[in-house]
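S.K.: My questions will all concern the structure given below.
Values quoted throughout were computed directly from the atomic coordinates according to the rules given, and no laboratory measurement underlies them. The structure presented is a predicted model; accordingly, all values stated were derived computationally and were not measured. Neighbour counts are summed over all protein chains in view; Cβ atoms, including those assigned to glycine, are modelled from backbone coordinates with ideal geometry.
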Amino acid sequence: MAVSVTPQAVAEIKRMAEKENRPGVGLRVGVKGGGCSGLSYFMDFDLKKEKDSEFDFDGLKVFVDPKSYLYLDGMMLDYADTLKEKGFKFVNPNASKTCGCGESFSV
């Protein structure tokens, strides 16, 4: 398995990188301790580090460090912009419980 990013999320991330004038950087996706369910997701523009897993989605580089990959293997990053929801959504088959906001989880 691997990490995947939907075309909608790729388009929004590329738009954000262009707006922030960050050409040539990739998206770092990871997990850190915290949040109401124990672990929380984070995303940031960054450069690749030595032990990162790297994925390419239509020219968008996505980096995941080894510790985060244990929790994110099989995860899909999506983006919605509708009347009911707007923002990035982590769809993670490894999460046994998620909080209401969808930004933290437990395994």
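S.K.: Would you mention how many residues in the stretch 3-50 are over 18 Å from Leu72 (Cα atoms), outside any loop (DSSP other than H, G, I, E, B) and of a type in the set (A, V, I, L, M, F, W, C)?
M.R.: Number of matching residues: 4.
S.K.: I'd like the full set of residues that are of a type in the set (Val, Ile, Thr) and surrounded by 17 or more Cβ atoms within 10 Å (Cβ to Cβ), limited to the stretch 48-94.
M.R.: Val62, Val64
Quick grid of which residues meet (1) out of contact with any strand residue (DSSP E or B) (no Cβ under 6 Å at 6 or more places or on another chain); (2) under 15 Å from Leu27 (Cα atoms); (3) small (Gly, Ala, Ser):
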residue	(1), (2), (3)
Leu60	yes, yes, no
Phe63	no, yes, no
Tyr69	no, yes, no
Gly74	yes, no, yes
Leu77	no, yes, no
Asp81	yes, no, no
Glu85	yes, no, no
Phe90	no, yes, no
Asn94	yes, no, no
